[in-house]
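Notes follow the structure.
The values are calculated or read from the model by the stated rules, or taken from the named source; none is laboratory data. Please read these numbers as outputs of a predicted model, since none were measured by experiment. Virtual Cβ from ideal backbone geometry, glycine too; neighbours counted across all protein chains shown. Please note that ligands, DNA and RNA were not included when accessible areas were found on the heavy atoms of the full protein model with its side chains. Shrake-Rupley method; radii C 1.70, N 1.55, O 1.52, S 1.80 Å.
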Amino acid sequence: MTAVAPHFDAVIHPPPRLQICGLLAAVETMEFAAVRDAVGVSDSVLSKHVKQLEEAGYVQLRKATIASRQRTSLALTKAGRTAFDAHVAELRRIVGA
């Protein structure tokens with residue numbers, strides 16, 4: 001991880017979006033259902049938060065057909081990883097960690 005300047009990001013800050021970014025920061029991609037279960041929200045709530053992150057250019061959706069079923073996976077973009085790292089750095093700065 002490269003050092004980033006601390007920066008508060010209002011798009012990432014709401015708890016569900018912070019959780020989504022935290023989950024995705026640890027992996028290359030994650031299935032929509034796994035993110036939903038980990039965050040503990042419904043499909044529609046997750047979709048709304050993912051849409052906000054996608055519109056900001058932070059998350060990319062990938063759809064694929066696997067075993068005759070449509071699967072959606074999520075991934076942080078490079079901009080998303082940078083924004084998440086900067087937001088976490090700012091939270092650490094605020095709490096003096």
Segment 57-71 residues that are more than 13 Å from E31 (Cβ to Cβ), paired with ones that are among the β-branched types (V, I, T) and open to solvent by less than 60 Å² (accessible area, probe 1.4 Å) (beta carbon under 8 Å, 6 or more apart): G57/T77; Y58/V11; Y58/I12; Y58/T77; V59/I20; V59/V50; V59/T77; Q60/T77
Take the residues in segment 20-40 that are in contact with a Gly (Cβ under 9 Å, 6 or more places away or on another chain) and buried (at least 17 other Cβ atoms within 10 Å of the Cβ); name whichever of them is farthest from I94 (Cα to Cα). L24
How many residues does segment 41-54 contain that are open to solvent by 70 Å² or more (accessible area, probe 1.4 Å) and in contact (Cβ under 8 Å) with a residue 12 or more places away in the chain? 1
Residues located in segment 55-73, provided they are part of a strand (DSSP E or B), open to solvent by 50 Å² or more (accessible area, probe 1.4 Å) and modelled with pLDDT under 95: R62, K63, T65, I66, R69, Q70, R71
Look through segment 11-54, keep the residues that are β-branched (V, I, T) and part of a helix (DSSP H, G or I), and return whichever of them is nearest to H87 (Cα to Cα). I20
Within the set of pairs 6 or more residues apart or between chains, which connect a residue that is at pLDDT 95 or above inside segment 2-25 to a residue that is open to solvent by 50 Å² or more (accessible area, probe 1.4 Å) and not in a helix (DSSP H, G or I) with Cβ atoms less than 9 Å apart? P16/G40; Q19/G40
